[in-house]
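Notes for the one structure printed next.
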Amino acid sequence: MLLKNCKILKNGKFKKVDILIKDDKIEKISENIDIADENTIDVKNKFVTAGFIDAHVHWREPGFSKKETVYTASRAAARGGFTTVMTMPNLNPVPDSIETLNKQLELIKKDSVIRAIPYGAITKEEYGRELSDMEAIASDVFAFTDDGRGVQNANVMYEAMLMGAKLNKAIVAHCEDNSLIRGGAMHEGKRSVELGIKGIPSICESTQIARDILLAEAANCHYHVCHISAKESVRAVREGKQNGIKVTCEVTPHHLLSCDEDIKEDNGMWKMNPPLRSREDRNALIVGILDGTIDIIATDHAPHTMEEKIRGIEKSSFGIVGSETAFAQLYTKFVKTDIFSLELLVKLMSENVAKIFDLPYGKLEENSFADIVVIDLEKEMTINPKEFLSKGRNTPYANEKISGISVLTISNGKIAYIDEEEINL
Ligand SMILES: [Zn+2]
């Protein structure tokens, strides 16, 4: 396959190149490649970058195909420019042994159009008591996490980290101290009082992160914090890094885009875990990105049925979808307004993910994997959940105007998504 007239970013500057793909690798990147290739695609000077890597998605299969399937989720991710994703283990069965993990791997092999690498659970069935078969499944999983809930017992977490260090796998944590949820359903603050909804305080997240950073230091393990949301959490990670502890973290697009003040009414579409916090917290997340405390952006794509999201904030399920709109929303809100450079945004969504987890992806270079996304930076769209490829339509961002739309995604040398109105084969 030959991609003609690609606009790539090199050392902060745009450059026009052609890209030749052979099998699953990029064979050549050069100003003008003049060979006859029957699969030649003229991308007409659109922006081309390494395919995005999403370290946090809920693909829901096996177990919850009413919400999402591997088939629909992988197509949604490809549409959003993702070529590699890491799938969370809160499934049925939970991938905590070779047998249960194989069920998921088979589905991925059969139905996914992009590369999907499962997380293994830290504990059996994510119950937080007994470690999963970590050693047995290590070679087939990306890392270990009990995402969806926090690991409550410090010794269980410590044992997991010691094993993670031994297996050279990261321990990835959804941080939530159950004793501090206090019956809450949104961030505890002025807005929760105004709406009359019980709040989850920031300490519910931050104290567990502080505990875990100290455990990671003792275990000498790579510890990665999922969906960081509170300013105190950012501070704890920053201090951990300053002290040479192997801690990294991710933030979701929605925690960067919105804060609790944006929740105008009691609408379950705004319910996510961790909750959208205060304006100050949101600003601390942006500062955390700019000073390098926050390493990557991950969507936490969490599809649910409509029925599960229309019961108001207290009774709806936690989570929103994100695969199809993440890049465009962030491009519109942060790059077009000059808060982030385009180079920084694509790094946070690809290169940095590969770097912190030591993966061979996220590079647009000769001999690297042919994971590529072509984006029309000028193209505008209005978010319409009815048109999503994901089964999940649960987003509070319907009708928002976005630009920077992906039109072609190539994963492992194969076309995973194509907008045929924009790209002619
Ligand atoms: Zn989570």
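Among the residues of the stretch 61-94, those identified as of a type in the set (V, I, T), surrounded by 24 or more Cβ atoms within 10 Å (Cβ to Cβ) and either out of contact with any Pro (no Cβ under 8 Å at 6 or more places or on another chain) or in a loop (DSSP other than H, G, I, E, B) (or both) are T83, T84, V85. Taking the stretch 114-140 as the range and being more than 19 Å from V151 (Cα to Cα) and of a type in the set (K, R) as the test, only R115 passes.
Counting only residues that are under 24 Å from T299 (Cβ atoms), of a type in the set (G, A, S) and away from the ligand (no atom under 16 Å from the Cβ), the stretch 210-239 holds 1 of them. A single member of E250, E261, E280 is surrounded by fewer than 23 Cβ atoms within 10 Å (Cβ to Cβ) and in contact (Cβ under 8 Å) with a residue 60 or more places away in the chain, and it is E261. Here is the figure for the stretch 98-119: residues that are part of a loop (DSSP other than H, G, I, E, B) and farther than 21 Å from A173 by Cβ total 3.
In the stretch 275-285, of all residues being within 17 Å of T337 (Cβ to Cβ) and within 21 Å of the chain's Cα centre (by Cα), the one that is nearest to the ligand (Cβ to nearest atom) corresponds to L285. Looking across the stretch 257-274, the residues that are more than 16 Å from the ligand (Cβ to nearest atom) and either within 18 Å of the chain's Cα centre (by Cα) or assigned to a helix (DSSP H, G or I) (or both) come down to L257, S258, D260, E261, D262, G268, M269, W270.
Scanning the stretch 134-159 for residues that are away from the ligand (no atom under 16 Å from the Cβ) and either within 18 Å of M88 (Cβ to Cβ) or buried (at least 24 other Cβ atoms within 10 Å of the Cβ) (or both) yields M134, I137, A138, D140, V141.
Here G362, G312, G322, G288 are screened, and the one residue that is within 16 Å of the ligand (Cβ to nearest atom) and either surrounded by 22 or more Cβ atoms within 10 Å (Cβ to Cβ) or touching a residue at least 24 places away in the same chain (Cβ under 8 Å) (or both) is G322. Close contacts from the stretch 146-168, counting a first residue that is closer than 15 Å to I209 by Cβ and a second that is away from the ligand (no atom under 16 Å from the Cβ) and among the small types (G, A, S), with Cβ to Cβ under 6 Å and a gap of 6+ residues or different chains, come to M161/A216; M161/A219. When the residues of the stretch 167-209 are filtered to those that are among the acidic types (D, E) and more than 16 Å from the ligand (Cβ to nearest atom), the one that is farthest from the chain's Cα centre (by Cα) is E194. When the test is whether a residue is more than 16 Å from the ligand (Cβ to nearest atom) and either out of contact with any Cys (no Cβ under 9 Å at 6 or more places or on another chain) or in contact (Cβ under 8 Å) with a residue 60 or more places away in the chain (or both), T83 passes it. If you check T332 against the conditions, is it surrounded by fewer than 21 Cβ atoms within 10 Å (Cβ to Cβ), touching a strand residue (DSSP E or B) at 6+ places or on another chain (Cβ under 6 Å) and without any contact (Cβ under 8 Å) to a residue 24 or more places away in the chain? No.
Computed from the coordinates by the stated procedures, all read-outs in this text should not be read as laboratory data. Computed from a predicted model, the values in this text were never measured in an experiment. Neighbour counts run over all protein chains shown; Cβ positions are idealised from the backbone, glycine included.
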